[in-house]
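Data block below; observations after.
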Amino acid sequence: MSIERRLNKITELRADVEGSDPVLTGYCAKFSVLSEDLGNFREKLSPGCFTRSLRDGNDVTFNFNHSPDHTLARTGNGSLKVEEDGVGLKFRAVLPPTQAAKDLHTLVSRGIVNSCSFAFAARGQSWSDERSENGDLYACRTLSDCDLRDCAVVVSP
């Protein structure tokens with residue numbers, strides 16, 4: 001299965017401090033939101049599309065720009081919590097006491113870095129022909145089951 005990355009235009013990202021720990025929270029994906037044109041198709045996520053992957057306990061990482069060289073948290077050690085709710089894929093990352101993490105926290109708190117993304121492998125999907133607001137026909141992929149690989153704070157998709 002190939003790894004795909006998506007930036008949802010309607011993500012949420014917030015920088016907080018809990019005790020002395022810098023924390024980033026938000027949504028890296030939202031359900032039932034139609035993507036922009038992804039190259040001859042558009043896409044949306046079905047509610048629950050990450051349920052199996054989260055239940056299986058895969059070690060999901062929280063990276064800067066999807067780079068494994070910039071891993072800031074992970075579910076395997078409890079520094080990253082990822083869950084689905086009625087809106088989408090919600091995360092809470094407690095950042096390590098490194099200069100890189102402190103710098104990123106500052107960039108997010110100032111709105112300089114303001115986007116989230118996620119990486120996944122599609123396991124369940126369906127295709128349909130849909131019409132845009134102006135009546136144009138397009139292919140729509142609906143993802144119903146995904147292996148979540150990482151959540152990421154990104155400068156640009």
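The values are calculated or read from the model by the stated rules, or taken from the named source; none is laboratory data. Computed from a prediction, not measured in an experiment: that's the story for all the values here. All Cβ positions, even for glycine, are placed from backbone atoms using ideal geometry, and neighbour counts span all protein chains on display. Please note that ligands, DNA and RNA were not included when accessible areas were found on the heavy atoms of the full protein model with its side chains. Shrake-Rupley method; radii C 1.70, N 1.55, O 1.52, S 1.80 Å.
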> Taking strands (runs of 3 or more DSSP E) that fall entirely within the range 1-115, which contain at least 2 residues that are open to solvent by 50 Å² or more (accessible area, probe 1.4 Å), more than 12 Å from ALA152 (Cβ to Cβ) and modelled with pLDDT of 95 or more?
Replying inline: 80-84, 88-94
> Can you tell me which of VAL155, VAL87, VAL113 is of a type in the set (A, V, I, L, M), out of contact with any Cys (no Cβ under 9 Å at 6 or more places or on another chain) and within 17 Å of PRO22 (Cα to Cα)?
Replying inline: VAL113
> Name the pairs: first residue in the range 32-53 and within 15 Å of VAL82 (Cα to Cα), second residue open to solvent by 60 Å² or more (accessible area, probe 1.4 Å) and among the polar types (S, T, N, Q), Cβ to Cβ under 7 Å, at least 6 apart or on different chains?
Replying inline: PRO47/SER32; CYS49/SER144
>> Report every pair of residues separated by at least 6 positions or lying on different chains whose Cβ atoms are under 6 Å apart, first residue within the range 113-142 and charged (D, E, K, R), second open to solvent by 90 Å² or more (accessible area, probe 1.4 Å) and not in a strand (DSSP E or B).
In response: none
> So which pairs qualify, if the first residue must be in the range 84-104 and in contact (Cβ under 8 Å) with a residue 12 or more places away in the chain and β-branched (Val, Ile, Thr), the second must be part of a strand (DSSP E or B) and surrounded by 13 or more Cβ atoms within 10 Å (Cβ to Cβ), the Cβ gap must be under 7 Å, and the two must be at least 6 apart or on different chains?
Replying inline: VAL87/TYR27; VAL87/LYS30; VAL94/ASP21; VAL94/VAL23; VAL94/ALA73
